[in-house]
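See structure below.
The values are calculated or read from the model by the stated rules, or taken from the named source; none is laboratory data. Given the structure is predicted, the values throughout are model-derived calculations rather than measurements. So basically every Cβ, Gly included, is an ideal-geometry build from the backbone, and we count neighbours across all protein chains shown. Side chains included, ligands, DNA and RNA excluded: accessible areas come from the protein's heavy atoms. Shrake-Rupley method; radii C 1.70, N 1.55, O 1.52, S 1.80 Å.
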Amino acid sequence: MRGRGIQLLSQVLLQCYSLLQEKEVLHLVLFYESRLQDNHLVIPSVLQGLRALSMCEVLSPGLAVSVLKAIFQEVHVQSLLQLDRHTVYSIITNFMSTREEELKGLGANFTFGFIQVMDGEKDPRNLLVAFQIVHDLIAKDYALGPFVEELFEVTSCYFPVDFTPPPNDPHGIQREDLILSLRAVLASTTQFAEFLLPLLIEKLDSELQSAKLDSLQTLTACCAIYGQKELQEFLPSLWSSLRREVFQTASEKIETECLTALRALSACLSRSVLSSDSEDLLDSFLSSILQDCRHHLCEPDMKLVWPSAKLLQAAAGASLRTYHRISHSVLPLLLEQYTKHTQSSQRRTILEMLLGFLELQQKWGHVEEDESPLLSHQAPVCSVVFSALLDPSVQLQLVGIKALTVLGSLQGFLSSSNLELVVDHLIRLALHEEDSQSSEAAMEAAGSLAPTYPKVFSGHMVPRLEEELQSEREESHHKRHSLQQRCLQALAAVSTHTSIMKETVPILLQHLQKVQKGTEAKNTQDVISVCQSLHHVALQCQQDAEGCWYFHQTVVPCLLAMAVQAAMPESTHTLPGKALLEEEVLAAMIPVISAATTHLSPELAAQSVSHVVPLFLDGDVSFLPQNSFPCSFQPFGDGEHLEAQRRLVALLMAFVCSLPRDVPIPQQDWLLRELLALSCSCNCPFTATTAAKCFAGLVNKHPAGQQLDEILQLAVNRMEPSLAEGPRRTQALTLLLWVTKALVLRYHPLSSCLTDKLLGLLGDMELGPATADGFSLLMAESPDVLHKGCHADVRIMFRQRFFTDNVPKLVRGFHGAGPDVKANYLKGLSHVLNHLPKPVLVTELPTLLSLLLEALSCSDRVVQLSTLSCLHPLLLEAPQIMSLHVDTLVTKFLNLTSSPTMAVRIAALRCAHALTSLPTTVLLPYKGRVIRALAKPLDDKKRLVRKEAVAARGEWFLLGSPGR
């Protein structure tokens, strides 16, 4: 009865402790303290009452100490149940947060009392709280007195943490939580050092990998607060253990943690302030490292070269002082070894080690004349790097290029003559080196160094590249073409500084004007190559306002002028200039104009749009260079002779659809009406599609209101009759898809109406397949319009919303459709699901899986590929659900491994591979059948198919074997 009464009182107090008055709290505390001596069955309820009282703000001074003393004396905490022990920890935590000064008045007795409470705790839920209490004891400077070792023992007995959470653990406590909580305690005070460091060394010498990792990470954490005094006695043992692990371990994780710990130790010793009579521990520690590692760098077989180099670099990376000490000893040795060895592979290894030390110098900033060991070896370092660039070995060249980039980033290291030599090497490698890897690396290096030395690169590299580009030497067509390609790429790569870009862009434009006048078929590819280089330059200068505006006002008018000239009626009847009207060329010009426009400020964009839009609507060519054209420019005019001019709407799309949203477009209503008319009436599919995309891009950004509603209604009125019948149903469908996408992205109310029209067209015999493919367009990222990069209005989770609104309709349509059009619904569904975030798809899987499995039986290759792409991640992320259909999955996947389409065969084999992630017991009955079936694709004529077959069959062979 007493227990029931105290339990009721405690439950009431837990609900209303904030309403109690000081005297009431006093009486209740005295009552509960006396009950602690009662029968053990009453204690849990008493502790709950004391927990409620520990949260009272009106607790009288001294009562917190009184309660804790009573608990320490009267309660054997570790004999209680887990929940009751947790209550005790909660009481202590509450008092520590509100009555800190009172508890500190207990001195070391409080620490001793807590040690008794915690001693023997095993439950991870309680340990997390207990570790936090110990951390607060130390961090808040409670008196530990003579109990430092006891406090260490009561916590360190859990090191290293060995805990595996039970399956479906509702508390969600992970091993990592306990590890980090315990590490915070062990690494919180230097007072634990004499006990902790021997423990860490002991665990480092154990065979258990997890213990080694935990010890190394804890040592690294301790180095943040330790000094020479704490480490002095243990440095030889610690170095011995770290060296052994790096030399002998097969684990990359352990090696990485060893190097991190060594760096932390060296940094710790570097921070310590030396008194005049104390030993310089850092110097002796680094001497030990050099003594044990340096000689390995000279061994002929080079077995321990890399472990030794990593240890030396880890120590050197700790501070500028350690870098100077180690590199003074190691750099001359590496330079000597490079000269001594003649094999490219050995030289590459030595240069990679040297590169590591160069990167450390880069970390510590400028080269200082007095102290830098690198500056004292300037000539031999440059000689070694330059010799690597001349070596026939591609791998050695690549390391040499990296080293060259690092040397160039060290201000003041390279002399002017060396810089000219650097440029010569980079030009030679970029243009004339046979291997593309070295060529690309040299271009990348030039781009990295150009902002540091703009005058050198603009004065030496750019003129040389221009000369090579314009050269008319007698060479084979293939060789000449390849050299021009590399020149274009190099000019783009080096344009990483505004002053250089202002020199390279005119060269690229001049070359574009030259190649587009050619009469051969190869000119199309040449024009595309120049456009790709211009696009590269545009991307590089986007973050620089001055460079971006220069590029825009130089390149965009020039491209438009050339395109307009090419589209003039008299030009279209002759071959010169025709290359610019090819679809592939216009497609290459679109990203150039788009990239040149997206990062303009609103003021500059408004200035540019006031010229470009009148060019297309009014034929105003006054802002174009070379603006004397034989006739007017009317891309929206009627007549077959204007077909070429209409194609240039693609360039208008690139410009206006990339403008910031707040830039007003002049005559926008007129422009939208012209685009709408062109997209519905044009016979050229390319022009009709670009007009539809441009219309959609503008509609997406158009402010909501009556004007937008009128334009959309006009578009619907134009589309509906064209979709119903007539010769231009395909153009109308294209327009419908792009307008629907524009509205879906911005959550416009009309989007659901247009989507319903598309769902209705899935049942159309003529337009159904194209409409089904259109669902991919609706869900996928568009490369040129309607994406965030060009400032489109894209709302978050639009795909999830589209899925929720329309997949049920797709499913109903599939069930109600005739056999001839069912595949259209499956294709549309698979496209939607394929672009849906996987976590969303997993939650909807049970209802849709049967349809996905049916889609695998569809004869349409696009449906098969899309469905397989959708199923692959689900096999990995939802194995329990998928295992319910394992028989069907195995049959379908194996059938599709014989598909005539290579992409389908590869996807089916990947899915067969992913099947092995399902529960083994479910798969074992199919093991023999799958292994036999996968033997056939091992002989497939395509290498990529054979590769996937080997991987999948290997996993099935290992299925059910021990250790898996």
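Check the straight Cα-Cα distances from LYS203 and name the lysines below 28 Å, setting aside those fewer than 8 residues away within the same chain.
LYS122, LYS212, LYS229, LYS253, LYS303, LYS310
Once Lys and Arg get +1 and Asp and Glu get -1 on their Cβ, which of LEU465, SER658, GLY356 lies farthest toward the positive end of the dipole of the chain?
SER658
Distance from the Cα centre of region 385-461 to that of region 173-221, in angstrom?
46 Å
Hey, quick one: spin label on THR804, modelled 7 Å out along Cα-Cβ, who in region 734-748 has an amide N within reach, i.e. under 19 Å?
743-748
Subtract the Cα-Cα distance of SER415 and ILE881 from 0.36 nm times their separation in residues, and report this length gain in nm to one decimal.
161.1 nm
Rolling a 1.4 Å sphere over the protein heavy atoms, what is the accessible area per residue of region 187-296, to the nearest Å²?
Numbers: 4930 Å² over 110 residues.
For region 187-296, the per-residue accessible area is 45 Å².
Keeping all protein chains in the complex and leaving out DNA, RNA and ligands, what accessible area do you get for VAL75 with a 1.4 Å probe, in Å² to the nearest 10?
For VAL75, the solvent-accessible surface is approximately 20 Å².
Excluding ALA817 itself, what net charge comes from residues whose Cβ is under 14 Å from its Cβ, given Lys and Arg +1 and Asp and Glu -1? Kindly include the intermediate steps, with their values, before the conclusion.
Details: positive: LYS809, ARG812, LYS822, LYS827; negative: ASP764, ASP820, GLU854.
Charge balance near ALA817 sits at +1.
With a Förster radius of 41 Å, plug the Cβ-Cβ distance of VAL840 and CYS16 into 1/(1 + (r/R0)^6) and report the FRET value to the nearest 0.05.
In this case the efficiency is close to 0.35.
Would you please classify the overall shape of region 1-122 from the alpha carbon gyration tensor, given that a ≥ b ≥ c denote the square roots of the eigenvalues, rounded means a/c under 1.5, and beyond that prolate means a/b larger than b/c while oblate covers the rest?
Oblate, since a/c reaches 1.5 and b/c is not below a/b.
Provide the gained length on full extension for the span LEU958 to ARG2, in nm with one decimal, where the gain is 0.36 nm per separating residue minus the Cα-Cα distance. Mind dumping the intermediate values first?
Values: separation 956, 0.36 × 956 = 344.16 nm, distance 6.41 nm.
Gain on stretching LEU958 to ARG2: 337.7 nm.
Hey, for a label at THR164 modelled as a point 7 Å past Cα toward Cβ, could you say which residues of region 178-198 have their backbone N under 19 Å away?
178-179
Sorting ILE225, ILE289, ILE796 by accessible area (1.4 Å probe), largest first, what list results?
ILE796, ILE225, ILE289
Please give the length that would be gained between ARG929 and GLN525 if that part of the chain were fully extended, namely 0.36 nm times their separation in residues minus their C-alpha to C-alpha distance (nm, one decimal).
140.4 nm
Which of rounded, prolate or oblate describes region 634-709 when judged by the alpha-carbon gyration tensor and an a/c cut-off of 1.5?
prolate
To one decimal place, what orientation-averaged projected area in nm² is obtained for the convex hull of the Cα set of the chain?
53.9 nm²
In nm, to one decimal, how far is the modelled label at GLU202 from the one at GLN132, with both set 7 Å along Cα→Cβ?
Result: 3.0 nm between the two label points.
Could you list, bin by bin from short to long, the percent of Cα-Cα pairs of region 325-447 in 5 Å steps?
Answer for region 325-447: a P(r) of 2, 12, 24, 24, 21, 13, 5, 1, 0 percent.
Between MET797, PRO685, MET779, whose Cα lies farthest towards the positive end of the dipole of region 667-836 when Lys and Arg beta carbons carry +1 and Asp and Glu beta carbons carry -1, centred on the Cα centre?
MET797
With the crude spin-label approximation of a point 7 Å out along Cα→Cβ, what separation in nm comes out for SER240 versus CYS684?
So the label points at SER240 and CYS684 sit 8.2 nm apart.
Report the dimensions of region 845-963 along its three principal axes from the alpha-carbon atoms, largest first, rounded to Å.
41, 38, 20
What does the helix-only formula give at 222 nm for the chain: each DSSP H stretch with n ≥ 4 adding -39500 (n - 2.57), the total divided by the residues, and the result rounded to the nearest 500 deg cm²/dmol? Numbers along the way, then the final one.
Details: 50 runs with 665 residues, N = 964.
About -22000 deg cm²/dmol.
In what sequence, largest accessible area first, do GLU583, GLU252 appear using a 1.4 Å probe?
Descending order: GLU252, GLU583.
About its Cα centre, how strong a charge dipole does region 704-831 have in debye, to the nearest 20, once Lys and Arg get +1 and Asp and Glu get -1 at the Cβ?
Roughly 340 debye, rounded to the nearest 20.
Based on the Cβ-Cβ distance from LYS303 to SER383, what FRET efficiency comes out when R0 is 35 Å, to the nearest 0.05?
E between LYS303 and SER383, to the nearest 0.05, is 0.80.
With a point put 7 Å past each Cα toward its Cβ, work out how far HIS641 is from ALA143 in nm, to one decimal.
Label at HIS641, label at ALA143, 10.6 nm between them.
Among the aspartates and glutamates, select those whose C-alpha is under 18 Å from the C-alpha of LYS23, and discard any that sit fewer than 8 residues away in the same chain.
GLU33, GLU57
Going by Cα centres, region 853-892 and region 575-640 are how many Å apart?
47 Å
So, taking all protein chains as they sit and a 1.4 Å probe, how much accessible area belongs to THR847, in Å² rounded to tens?
100 Å²
For a Förster distance of 35 Å, can you work out the FRET efficiency between the beta-carbons of ASP280 and ALA108, rounded to the nearest 0.05?
0.40
Write down the accessible area per residue of region 481-567 in Å², having rolled a 1.4 Å probe over the full set of protein chains.
Ligands and nucleic acids excluded, the result is 34 Å² per residue.
Considering all alpha-carbon pairs of region 667-836, what whole percent are spaced by more than 21 angstrom?
The calculated P(r) of region 667-836 puts 45 percent of pairs beyond 21 Å.
Using only Cα atoms, locate the centre of region 17-36 and the centre of region 662-737, then give the distance between them in Å, rounded to an integer.
So the separation of the two Cα centres works out to 78 Å.
Computing the accessible area with a 1.4 Å probe over protein heavy atoms, can you report the carbon and sulfur percentage for the chain?
Its accessible area is 53 percent carbon and sulfur atoms.
Would you tally the net charge around LEU829, using a Cβ to Cβ cut-off of less than 13 Å, leaving LEU829 out, and scoring K and R as +1, D and E as -1?
Working: positive: LYS809, ARG812, LYS822, LYS827; negative: ASP773, GLU844, GLU854, ASP860.
So the environment of LEU829 carries a net charge of 0.
Pick out, from THR916, LEU884, ALA951, the residue whose Cα sits farthest towards the positive end of the charge dipole of region 845-963, with +1 on the Cβ of Lys and Arg and -1 on the Cβ of Asp and Glu.
ALA951
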